[in-house]
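Before I ask anything, here is the structure I am working with.
The values are calculated or read from the model by the stated rules, or taken from the named source; none is laboratory data. Note that the structure is predicted; figures quoted are calculated from it, not measured. Cβ placement follows ideal geometry from the backbone for every residue including glycine, while neighbour counts extend to all protein chains displayed.
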Amino acid sequence: MKLAEALQERADIARRIDQLRFRLSRNATVQEGEKPAEDPSELIKELDACVARLEELMARINLTNAATVIEGRTLTELIAKRDALSVKTSAYRNFLDEASNLSGRASRSEIKILSTVNVRKLQKQLDDMSKELRQTDNMLQQANWTVDLK
């Protein structure tokens with residue numbers, strides 16, 4: 001099994017667990033004399049099996065990520081880099097949106113709004129970070145489809 005397949009299965013199982021939690025909640029109580037729409041013991045059995053499979057996949061994915069080296073860095077390190085770059089580019093993008101929002105004045109007596117930073121310079125940095133983020137994500141995606149799960 002390739003790493004990407006395990007990641008897809010992990011996502012599917014996580015969605016399935018959410019559905020099972022909802023279904024369990026809906027079948028937790030019934031009016032006296034009534035039966036639940038679904039058997040809670042069967043739902044719990046299915047939930048337990050999904051959680052066990054999720055645990056196995058998570059461990060194998062993590063082991064694979066820690067053992068696989070691409071361009072001198074483990075997949076774990078590349079994932080951390082991608083996530084950090086994503087947070088950083090988002091913060092820069094939000095800040096630059098605000099710094100670029102300079103409202104015009106209708107008359108000379110109105111307050112003039114100025115940017116506190118060199119927007120052009122920061123935009124160039126953001127463009128460079130975005131490129132690095134794309135390249136890092138591409139490396140991860142390529143590895144996901146070529147690396148076998150441990």
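What pairs come up if the first residue lies in segment 7-23 and is assigned by TED's automatic domain parsing to the domain that holds L140, the second is of a type in the set (G, A, S) and crowded, with 16+ Cβ neighbours inside 10 Å, and their beta carbons are under 9 Å apart, counting only those six or more places apart or on different chains?
none
Answer yes if at least one residue in segment 65-75 is assigned to a helix (DSSP H, G or I) and surrounded by fewer than 14 Cβ atoms within 10 Å (Cβ to Cβ), and no otherwise.
Checked against the condition, which is being assigned to a helix (DSSP H, G or I) and surrounded by fewer than 14 Cβ atoms within 10 Å (Cβ to Cβ), segment 65-75 yields at least one hit.
So which residues in segment 16-38 are among the polar types (S, T, N, Q) and part of a loop (DSSP other than H, G, I, E, B)?
N27, T29, Q31
Related question: Suppose we keep only residues that are β-branched (V, I, T) and without any contact (Cβ under 8 Å) to a residue 12 or more places away in the chain within segment 26-57. Which one would you say is farthest from L7 (Cα to Cα)?
Looking at the filtered set, the residue picked out is V30.
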